[in-house]
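Engineer: Questions regarding the structure given below will be posed in turn.
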Amino acid sequence: MSITIQDVEHVAKLARLDLTDVEKEQFTGQLNAILKYAEQLNALDTEGVTPTSHAMPLVNVMRDDVSRPSLPIEKVLLNAPDEEDQQFKVPAVLE
Amino acid sequence: MSLFDLQLQEIHHKLRSKELSVTDLVEQSFARIGEVDGKVKAFLKLDEENARSSARALDEQLGTDAERGLLFGLPIGIKDNIVTEGLTTTCASKFLSNYNPIYDATVVQKLKSAQTVTIGKLNMDEFAMGGSNENSAYHSTSNPWNTEFVPGGSSGGSAASVAAGEVYFSLGSDTGGSIRQPAAYCGIVGMKPTYGLVSRYGLVAFASSLDQIGPLTKNVEDAAYLLQAISGYDPKDSTSANVDIPDYIGALNGSVKGLRIGVPKEYMGKGVDPAVRDKVLEALNVLEKEGAVWEEVSMPHSEYAVATYYLLASSEASSNLARFDGVRYGVRSDNARNLLDVYHMSRSEGFGPEVKRRIMLGTYALSSGYYDAYYLKAQKVRTLIKQDFDRVFAQYDVIIGPTTPTPAFRIGEQTADPLTMYLNDILTIPVNLAGVPAISVPCGFVGGLPVGLQVIGKALDEATVLRVAHAFESNTDHRLQRPAL
């Protein structure tokens, strides 16, 4: 499986990254090399093998449904790049 | 002689008798940093005012009957991906250059209870992605043993600062070897605990199923003390192990008579520097003299670990780093005219090339049409790798091998090809995939640069890992060597 520049552009869009033309070329080459290396995994027969998502599998880790104090609003907004009326402010969402 | 050359108990004793003060210890840090950090560059930020006022407050307690643990007053450095309330935490990224955490990580809270003194935040590869500390967006860190060489990564600053005598010990994080590899390159002790033993609450996530915080120290005993202080169940971390923490310090002096060691042939073969291999064989000799026995074993899926890791870790990272969108924290691009710009531009301006590369790789591996071929396949191979460990641990108590295939390399030597860099972690990565504990302990020098011995244990068996490492260390003098800075 070989990645093209179009694939790189598509993935960049999914990842919300802008790439320069130089970066697109570079990433196409590097990602191809890494994925080629990763293809060695196909040599292994994994039929019937359960996938491991976590080394220490814990299931349904819950706490009691008891309400607790929320974060104070000043803390929430402490690092906000822009805020107004105690809300995070961003430029236009829709054109 | 540095105050930090004193043993933990000696310092505790001298504090008790008021022969030393906490201020003395903290001033030792700042003096040493002033003397050598221009060359080592381990720190991103020093917290001088707070460290000095904490020291003064702790000194008021000296001479009183107040209960003081063994870690009381010791200066510590913290890797900059562990959040510290009120002290800028950047993950060595431009994206978080202005990030002021609103909370302390659980491990930081535990250290405060243990009354250590935080000296500052330590340099690392950006978002913990790297093996040389060359991916920091701020500056590189140098290996104190030879400043033209890398300290390793991603906890390069954590390792270098301890090796250079700038702090008594430090905390780092390990996802594919990021504590153990720099510890090996810098000639100190570094340990990755069992997955789930130490809370990840407040550790900026890279790969959630692999990340663990751990100690970097000048000897095994200090690592045991620090590990004891930071371990334990944390309800704020849903992957935290709800188990009793054994007495790691009590376990240190046990005998290794009859201990069964497995040495995987895959860890001692092709790709490993023969001089490094010889150091491991010498180390095994030392342990044999203490009554342990060792045999060659096989872990046949070892060669697939790096590929498995890079698919899984990058996939998890692409998901974890999606939160850096420029909306709630971090540096928002000045050029953004609409919301999509906020995302695209803030991320593109804020992330370095390695971070972008791994996000791209992970996004691709998880994307529709490729998920089964890459991500799911890698998860299945992870199971096979874990089974290799289970099989060996059914017959042996620990697994031993070199921590890294070679000693440290020159700054700039491996930056052209990402894949070459990835292969430095070939011996540490399988441990994270299996979730088991492992320590790197100095076992000699090759070409004037340190070499590390890796001791791997069964899940939650840190006590045995520490005991073996301590038994080995006690029979050598590597921990007494100091770099000529």
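Engineer: May I ask you to list the residues in region B:339-358 that are more than 7 Å from chain A (Cβ to nearest Cβ) and among the small types (Gly, Ala, Ser)?
Structural biologist: Correct list: B:Ser346, B:Gly350, B:Gly352.
Engineer: Those residues that are part of a helix (DSSP H, G or I) and either in contact with a strand residue (DSSP E or B) (Cβ under 8 Å, 6 or more places away or on another chain) or basic (Lys, Arg) (or both), I need them from region A:2-51; list them, please.
Structural biologist: Residues satisfying the conditions are A:Lys13, A:Lys24, A:Lys36.
Engineer: For region B:444-478, give me each residue that is more than 14 Å from chain A (Cβ to nearest Cβ), within 17 Å of B:Ala292 (Cα to Cα) and within 18 Å of the chain's Cα centre (by Cα).
Structural biologist: B:Leu453, B:Gln454, B:Val455, B:Val465, B:Leu466, B:Ala469
Engineer: Looking at region A:15-50 only, could you name the residues that are of a type outside the set (A, V, I, L, M), surrounded by 15 or more Cβ atoms within 10 Å (Cβ to Cβ) and within 16 Å of B:Tyr370 (Cα to Cα)?
Structural biologist: Across region A:15-50, the qualifying residues are A:Asn32, A:Tyr37.
Engineer: Give the residue, chosen from B:Thr420, B:Thr383, that is out of contact with any helix residue (DSSP H, G or I) (no Cβ under 8 Å at 6 or more places or on another chain), closer than 23 Å to B:Arg277 by Cβ and free of Cβ contacts under 8 Å to residues at least 24 places away in the same chain.
Structural biologist: Of B:Thr420, B:Thr383, the one residue that is out of contact with any helix residue (DSSP H, G or I) (no Cβ under 8 Å at 6 or more places or on another chain), closer than 23 Å to B:Arg277 by Cβ and free of Cβ contacts under 8 Å to residues at least 24 places away in the same chain is B:Thr420.
Engineer: Let me ask something additional. For region A:63-74, how many residues are within 29 Å of B:Gly196 (Cα to Cα) and more than 9 Å from every other protein chain (Cβ to nearest Cβ)?
Structural biologist: Within region A:63-74, residues that are within 29 Å of B:Gly196 (Cα to Cα) and more than 9 Å from every other protein chain (Cβ to nearest Cβ) number 7.
Engineer: Another question about this same structure. Which one of B:Ile33, B:Ile11, B:Ile78 is touching a strand residue (DSSP E or B) at 6+ places or on another chain (Cβ under 9 Å), in a helix (DSSP H, G or I) and at pLDDT 95 or above?
Structural biologist: Among B:Ile33, B:Ile11, B:Ile78, only B:Ile33 is touching a strand residue (DSSP E or B) at 6+ places or on another chain (Cβ under 9 Å), in a helix (DSSP H, G or I) and at pLDDT 95 or above.
Engineer: Same structure, new question: Counting only residues that are assigned to a helix (DSSP H, G or I) and more than 14 Å from B:Tyr309 (Cβ to Cβ), how many does region B:384-394 have?
Structural biologist: Residues in region B:384-394 being assigned to a helix (DSSP H, G or I) and more than 14 Å from B:Tyr309 (Cβ to Cβ): 7 in total.
Engineer: Within region B:325-370, count every residue that is hydrophobic (A, V, I, L, M, F, W, C) and more than 17 Å from A:Val11 (Cα to Cα). Lay out the reasoning, then the answer.
Structural biologist: Of the residues in region B:325-370, the ones hydrophobic (A, V, I, L, M, F, W, C) are B:327, B:331, B:336, B:339-340, B:342, B:345, B:351, B:355, B:359-361, B:365-366.
Retained after the next criterion (residues that are more than 17 Å from A:Val11 (Cα to Cα)): B:327, B:331, B:336, B:339, B:342.
Number satisfying all stated conditions: 5.
Engineer: I'd like to check something: does region B:28-49 contain any residue that is closer than 25 Å to B:Leu227 by Cα and free of Cβ contacts under 8 Å to residues at least 60 places away in the same chain?
Structural biologist: Among the residues of region B:28-49, at least one is closer than 25 Å to B:Leu227 by Cα and free of Cβ contacts under 8 Å to residues at least 60 places away in the same chain, which makes the answer yes.
Engineer: Here's something else I'd like to know. Kindly provide the set of residues from region B:94-133 that are away from chain A (no Cβ under 14 Å), part of a loop (DSSP other than H, G, I, E, B) and either crowded, with 23+ Cβ neighbours inside 10 Å or in contact with a Pro (Cβ under 9 Å, 6 or more places away or on another chain) (or both), ordered by number.
Structural biologist: Those that are away from chain A (no Cβ under 14 Å), part of a loop (DSSP other than H, G, I, E, B) and either crowded, with 23+ Cβ neighbours inside 10 Å or in contact with a Pro (Cβ under 9 Å, 6 or more places away or on another chain) (or both): B:Ala105, B:Thr116, B:Asn123, B:Met124, B:Asp125, B:Gly130, B:Gly131, B:Ser132, B:Asn133.
Engineer: Starting from region A:31-58, keep only residues that are at the interface with chain B (Cβ under 7 Å from one of its Cβ atoms), then list their pairs with residues that are surrounded by 12 or more Cβ atoms within 10 Å (Cβ to Cβ) and of a type in the set (Asp, Glu) whose Cβ atoms are within a distance under 9 Å, requiring at least 6 positions of separation or different chains.
Structural biologist: These pairs meet every condition: A:Leu31/A:Asp7; A:Gln40/B:Glu303.
Engineer: Any idea which of B:Ser333, B:Ser314, B:Ser298, B:Ser346 is of a type in the set (Ser, Thr, Tyr), under 24 Å from the mean Cα position of the chain (by Cα) and modelled with pLDDT of 95 or more? Explain how you work it out, then say what you get.
Structural biologist: On the way: B:Ser333 fails: under 24 Å from the mean Cα position of the chain (by Cα); B:Ser298 fails: under 24 Å from the mean Cα position of the chain (by Cα); B:Ser346 fails: under 24 Å from the mean Cα position of the chain (by Cα).
After applying the criteria, what remains is B:Ser314.
Engineer: A follow-up question, please. For region B:298-338, which residues satisfy the criterion of being touching an Asp or Glu at 6+ places or on another chain (Cβ under 6 Å) and either within 7 Å of chain A (Cβ to nearest Cβ) or more than 13 Å from A:Asp18 (Cβ to Cβ) (or both)?
Structural biologist: B:Met299, B:His301, B:Ser302, listed by residue number.
Engineer: Out of all the residues in region B:385-418, which are under 15 Å from B:Gly152 (Cα atoms) and among the hydrophobic types (A, V, I, L, M, F, W, C)?
Structural biologist: B:Ala408, B:Phe409, B:Ile411
Engineer: Can I ask one more? Name the residues in region B:207-253 that are within 14 Å of chain A (Cβ to nearest Cβ), among the aliphatic types (A, V, I, L, M) and buried (at least 21 other Cβ atoms within 10 Å of the Cβ), would you?
Structural biologist: Listed by number, the residues that qualify are B:Ala207, B:Leu210, B:Ala241.
The values are calculated or read from the model by the stated rules, or taken from the named source; none is laboratory data. Predicted model, so just to flag it, every value in this text is computed and none were measured. Neighbour counts run over all protein chains shown; Cβ positions are idealised from the backbone, glycine included.
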